[in-house]
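Right, one structure below, let's go through it.
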Amino acid sequence: MNETPEKPAAAKKAVTKKATAKKAVAKKAAPAAGQAPARTTAAKKTTAKTAAKKTAAKKTAAKKTAAKKTAAKKTAAKKTAAKQAPAKKTPARKPESRVAMVRRARRINRELAELYPYAHPELDFTNPFELLVATVLSAQTTDLRVNQTTPRLFAVCPTPEDMAAIDPERLEELIRPTGFFRAKAKSLLGLSAALRDRFGGEVPGRLEDLVTLPGVGRKTANVVLGNAFGVPGITVDTHFGRLARRFGWTTAEDAEKVEADVAGIFPKSEWTMLSHRVVFHGRRVCHSRKPACGACAIAPLCPAYGEGETDPEKAKKLLKYELGGQPGQRLKPPADYPGQPAPPMAPPAAAS
Ligand code: SF4
C-alpha cells in the first residue's frame, strides 16, 4: 500500500533528530546562562588579573606620586619656613679691637719664645763685617747656601781692606754659588772700600750710616744692628712679612710699612728676638705655600688657621729643620741649637 502516511512520521523523526542534534550543538556552543565556556573563563580570569594588577600598579603609582607631592610640599614648606624664620645667627665674628689684637700679638710672641728658645740669626758670622757681607750675599738665596760659601770667602778676605783690594773676577768666582754674583761682587767691593775709606775699616753701628753703604738697605742694616751691635731692629724679610699678615698684625705688603706697623705693637726690647722667632716659625711651620696648621703650636691664636694642612699627621710631615729631624742652616749653630748643623758645600764632582 501506499507508504505515504509513513513518510511524514519518518520525516518528523528525522526533523526531531536534527533538532536534537542542533540543540546539542547549540548547548555546546552556548552553555547555560551564567556559565562561561572553560576557555573564555580562563581568558576572562587572566584579563581580570591583569586588570587587577594594572589597577594595583596604578594605585601604587598614585600613592608614590602622592608621597612625592607630599615630600615636595614638605620641602617647599621647610624652605618657606626657613626663609620666613629669622636666619639662625652664626655669631658673626666681631672685628678685633686694636687692644685685643695687640694682646693676641704679644701672646703669639711669648708662645714663639717658648717654642724657639734657641732662635738666632741663621747666618754664620764671627764679627760685624762678616755679618754684613753674609747679609748682602743672602739676597735671593738661602742662608744655607751663604753659610756654605762664606768660609772660603772669609779665608781669602777676612777684613774690609782685603776685600776692597781683591781682583773683582776672583771675588765673583768666590761668591758665585749665591747667585747674582756680579751685582753682589760690585756691592761687596763698594761697601768694603767705603768701610776702609770712610769708617776706618769698621762697620758703623748706626742705621743712617749703614744705609749709605753700597748694597745695604734697611733690612740688612737692621740685621747688622740687631745681631752685631745689640740695637733693637725688626727685620722684614719674606717670611716675616708673610707671617705678620697672617697673624693680622698688618695688611701692608711694603716692608717698611710692615716694619712700622709691627713696631707699634711690640716694645723695642722685643724687636730683634721677635724677628728671629717669627722667621724661625715661617721657615719651619708656617710655609708660604703649605703652612702646617695642624702641627702649629700657635694655631688657636692665628686668624689664618686653615690656610694650610690641618690634618695633624699630614701637617707633621711638612715641618722642617730641627722640628722635622733635618739639619739646620748654620754650619756652626749656637751651642743651644737642638738640631744638627748644616753640611758644608759638597765638593764639585770629579771630572771623569
Ligand atoms: S695656624 Fe697655620 S697659618 Fe697660622 S701660624 Fe700656624 S701654620 Fe701659619
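Structural remarks
- Shape metrics for the range 245-352, restricted to C-alpha atoms - Rg then Dmax, Å: 17.1, 59
- Globularity ratio of the range 191-296, using Cα Rg and 2.2 N^0.38 Å: 1.20
- Backbone amide hydrogens, once placed in the peptide plane, bring GLN340 within less than 5 Å of GLY328, excluding anything fewer than 5 places away on its chain.
- Relative contact order (%) - criterion: Cα under 8 Å, at least six apart; region: the range 126-231: 31
- Centre-to-centre, using Cα atoms only, the range 91-125 and the range 255-293 are separated by 8 Å.
- Listed residue (GLN148, GLY205, ALA193) projecting farthest to the positive dipole end of the range 126-231, Cβ model: GLN148
- Between ARG98 and ASP197, the modelled label-to-label distance comes to 4.7 nm, taking each label 7 Å out from Cα in the direction of the beta carbon.
- Each of LEU171, ALA221, ASN127 was scored by the projection of its Cα onto the charge dipole of the range 126-231, and the greatest displacement toward the positive side belongs to ALA221; charges sit on the C-beta of Lys, Arg, Asp and Glu.
- 17 Å reach of a label modelled at ARG106, 7 Å along Cα-to-Cβ, counting backbone N of the range 259-278: 262-275
- In a reduced charge model with +1 at each Lys and Arg Cβ and -1 at each Asp and Glu Cβ, the range 126-231 shows a dipole moment near 340 debye about its Cα centre.
- You can think of it this way: the chain between THR238 and ALA155 has 26.9 nm of extra reach, that is 0.36 nm per residue less the Cα-Cα gap.
- In this simple spin-label approximation, ALA335 and LEU207 carry label points 7 Å from Cα along the Cα→Cβ vector, and these lie 3.3 nm apart.
- Cα Rg, Dmax (largest Cα-Cα span) when computed across the range 126-231, Å: 12.4, 35
Bear in mind these aren't lab numbers, they're just calculated from the coordinates by the rules spelled out. Just so you know, these numbers come straight off a predicted model, no measurement behind them. Every residue, glycine among them, receives a Cβ derived from its backbone with ideal geometry; neighbour counts consider all protein chains shown.
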